[in-house]
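Questions regarding the structure given below will be posed in turn.
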Amino acid sequence: MKRFLISLLFFILLIMVWAGCTGELAFLGLSDSLWSPFVLPSPSVVAQYLWDNIVNGKIPLSMLITLRRLLIGYAIGLILGVPLGMLSARFRCVSDTLGVLALGLQALPSVCWVPLACIWFGQTEAALLFVVIMGTLWSVLLSTQNGMRSVPPIYARAARTMGSGPLHTLVFVTLPASAPFVVSGMKQGWAFAWRSLMAAEIYVSVVSGFGIGQYLHYGRELQRMYQVIGIMFIIILVGLLADKILFSPAEAWLHRRWGTDKE
Amino acid sequence: MHDKLEQEINAFPTAKLSVEHVCKDFHTRNGAVRALDDVSLTINEGEFVCFVGPSGCGKSTLLNIIAGLEKPDSGLALIDGVPITGPGRDRMVMFQEHALFPWLDVIGNVMFGLKQKPNLTDKERLEVAKYYLFLVKMDRFAHANIHELSGGMRQRVALARSLAPNPKILLMDEPFSALDAMTRERLYGDIQDVWAKRRKTIIFVTHNVREAVCLGSRVVLFSPHPGRIREQFAVGLERPRNINNHDLADLSMQITSALKGYTAAESD
Ligand SMILES: Nc1ncnc2c1ncn2[C@@H]1O[C@H](COP(=O)(O)OP(=O)(O)OP(=O)(O)O)[C@@H](O)[C@H]1O
Ligand SMILES: [Mg+2]
């Protein structure tokens, strides 16, 4: 509780400073904005923009479009990445080929896939999905692989002595044993998917739907700084919420129960 | 149906185990290590044999070969005259680390091996699992998660898990080495109790000579580089034994000095 209050206080202070710099705290004598509102709009202008566009449904609609892209791309990334990561953990020849490829491609920031996607797919949904999948797949693959490798071999040995065959061991021992690592991989994959989709939406403006990243792009085109900042808030919020509500609690719970937490 | 349960719990399968001229090398970057060198050993039905020896003398390797987790380079391990080709439900292993599955609760762990046993219904399996948890005095914790148990409790659950499928042979690799003296002493009582009631063949690996003399009806001494059996001692002390008993202390002194003899000769 105390830590929460400290955080809260910090952010209130931060907004106050922002308001002060943009001339919103007239009662403190800070009535002049240090910068032009083109450069730094005041908090109330940004809030007004957000409020208007949430109420008139524009932001919720673009959120829907963005989340749909995100979920499809993320799902495909998982469906490919988790099993491939398992194969790569299990078979030397897969990890020497696919594993090395994944290592290389993961080092590539996902925005670097955008030009390639644009040439291959044009300004289409497919280009967006492709970028998201490329951003997600490799990191999910690698973290699943590392996760499976860190499953203590003693579990499989114990299962074998109790009469488990190879398939039974895989399904009832290795899979559950690697759950905390796979979830950590999924969490990382989600973060990567979110970053790649934003990069893609900023550069690829498709007619099939106006995503949140595209709002950001047009905010720049139209010189609307309040839109740029407002949308940035939304992007931060989505990333934080998914992490703090969905992934981190699941991950913490699994690591605690499995005894794999780092303490 | 009750008869069947009774029978499942009270059947006393025991087995004669023999190891004949077993050799095992491990190949590492620094060349080959001879973990076992021409080791032969016979263990009778219902015997409680303790393996003692310094670190690296091949005790675990021999145990793993008997468990079927590893294959000897030459020589044979046989149960009732049949060569061991892989792991089997007739031999349960209790590992040094607890090796319980944290995604299952206590009873789920005990059930794991039972579930692979065909001729039982799920209800009977549950009854059998409960019986063994009762035997190790863990029945109150049937639905606890593994991470909520203390080290000693985990070892007791591991014991129940390895007993539940009613194996002929119980292989225990330093199962109590990570525990404090008090807990260990209690477990000595438990394991002697189980052995007396269930009449299993038990192989128990330890570094602790006192522990070996307290538990075993025979103590087998190993020496390292290459791993060999050096000497065997029959322990005729009356049971149940207390680790602080005088005669027991005398015998373990005797064995310890024998053990020191090899290690001293080794380092010369
Ligand atoms: N997987 C392996 N790879 C390479 N060498 C091994 C392997 N397992 C065992 N060894 C070697 O074989 C020898 C015997 O090992 P083993 O584990 O059987 O010893 P131990 O008697 O159980 O020792 P401890 O009491 O320390 O557990 C050691 O010298 C060890 O270095
Ligand atoms: Mg060992």
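The values are calculated or read from the model by the stated rules, or taken from the named source; none is laboratory data. Remember, it's a predicted structure, so these values are computed and weren't measured experimentally. Cβ coordinates were reconstructed from backbone atoms using ideal geometry, including for glycine residues, and neighbour counts include every protein chain displayed. Side chains are part of the model used for accessible areas, which takes the heavy atoms of the whole protein and leaves out ligands, DNA and RNA. Shrake-Rupley method; radii C 1.70, N 1.55, O 1.52, S 1.80 Å.
Kindly report, to the nearest 10 Å², the accessible surface of A:ARG195 as traced by a 1.4 Å probe over protein heavy atoms only.
150 Å²
Then there is this: Please name which of A:ALA250, A:GLY122, A:ALA191 has its Cα lying farthest along the dipole of segment A:112-263 towards the positive end, using unit charges on Cβ (Lys, Arg +1; Asp, Glu -1) and the Cα centre as origin.
A:ALA250
From the residues B:PRO165, B:ALA67, B:PRO83, which one has its Cα farthest along the dipole of chain B in the positive direction, the dipole being from +1 and -1 charges on Cβ of Lys/Arg and Asp/Glu about the Cα centre?
Selected residue: B:PRO165.
Picking from B:HIS98, B:VAL52, B:ALA181, whose Cα lies most toward the positive end of the charge dipole for chain B (charges on Cβ: Lys, Arg +1; Asp, Glu -1)?
Of the options given, the answer is B:HIS98.
Over all alpha-carbon pairs in the protein assembly as shown, figure out the percentage whose distance exceeds 29 Å.
Above the 29 Å cut-off, the protein assembly as shown has 65 percent of its Cα pairs.
What nm value, rounded to one decimal, do you get for the distance between A:SER205 and A:LEU9 when each label is placed 7 Å out toward the C-beta?
Label-label distance for A:SER205 and A:LEU9, simple model: 4.6 nm.
Within segment A:120-138, whose backbone N sits under 13 Å from a point 7 Å along Cα→Cβ of A:ARG68?
Once the point is set 7 Å along Cα→Cβ of A:ARG68, A:125-126 turn out to lie under 13 Å by backbone N, inside segment A:120-138.
Let's test the formula: R0 of 45 Å, r as the Cβ-Cβ distance of B:SER150 and A:GLU221. What FRET efficiency results, to the nearest 0.05?
After rounding to 0.05, the efficiency reads 0.10.
So, one more: Quick one: dipole size for segment B:170-214, taken about the Cα centre, charges +1 on Lys/Arg Cβ and -1 on Asp/Glu Cβ, in debye to the nearest 20.
Dipole size: approximately 280 debye.
Same structure, new question: Using only the alpha carbon atoms of chain B, find the Kirkwood hydrodynamic radius as the inverse mean reciprocal pair distance, in angstroms to one decimal.
19.2 Å
Let me ask something else about it. Charges only on Cβ, +1 for Lys and Arg, -1 for Asp and Glu: so what's the dipole of the protein assembly as shown about the Cα centre, in debye to the nearest 20?
Value, rounded to 20: 480 debye.
Using the Karplus curve 6.51 cos²θ - 1.76 cosθ + 1.60 with θ = phi - 60°, what ³J(HN,Hα) values do you get for each residue of segment A:219-230, in whole Hz, with x for Gly and Pro?
x, 5, 3, 8, 6, 9, 5, 5, 5, 4, 5, x
A further question follows. Taking the DSSP beta bridges in chain B as the whole, what percent of them are antiparallel, to the nearest 5?
Around 55 percent of the beta bridges assigned by DSSP in chain B are antiparallel ones.
How do A:GLU24, B:GLU70 stack up against each other in accessible area, from largest to smallest, with a 1.4 angstrom probe?
Highest to lowest solvent-accessible surface, that is A:GLU24, B:GLU70.
At 1.4 Å probe size, what's the solvent-accessible area of A:VAL111? Round to the nearest 10 Å².
60 Å²
How large is the dipole of segment A:50-257 about the Cα centre if only Lys and Arg carry +1 and Asp and Glu carry -1, each at its Cβ, rounded to the nearest 20 debye?
Approximately 620 debye in magnitude.
At what distance in nm do the modelled label points of A:LEU170 and A:ASP52 sit from each other, each positioned 7 Å from its Cα along Cα→Cβ?
A separation of 5.8 nm, rounded to one decimal place.
Turning to a different aspect of this structure: Once phi is turned into ³J(HN,Hα) by the Karplus curve 6.51 cos²θ - 1.76 cosθ + 1.60 with θ = phi - 60°, what whole-Hz value does each residue of segment B:229-245 show in order, with x for glycine and proline?
Listing the rounded values in order: 8, 9, 7, 10, 10, 7, 10, x, 5, 6, 10, x, 9, 9, 5, 8, 5 Hz.
Given R₀ = 56 Å, what would the calculated FRET efficiency be for A:ILE245 paired with B:ARG89, taking r from the Cβ atoms and rounding to 0.05?
That pair, A:ILE245 with B:ARG89, gives E of 0.80.
Now for a separate question. Gain in length, A:CYS112 to A:THR124, computed as 0.36 nm per residue apart minus the alpha-carbon separation, to one decimal in nm?
2.6 nm
Taking chymotrypsin sites (Phe, Trp or Tyr not before Pro) as candidate sites, keep only those in a DSSP loop with at most 15 other Cβ atoms within 10 Å, then name the longest stretch of chain A containing none of them.
The answer is A:92-263.
In square angstrom, rounded to the nearest 10, how much accessible surface does B:SER252 have for a 1.4 Å probe?
Accessible area, nearest 10 Å²: 10 Å².
Still on this structure, I have one more. Measure nothing fancy, just the Cα-based angle from helix A:43-55's long axis to the longest principal axis of chain A, in degrees from 0 to 90, nearest 10.
70 degrees
Right, something else. Based only on Cα atoms, what mean projected area does the convex hull of segment A:114-260 have, in nm²?
Result: 11.0 nm².
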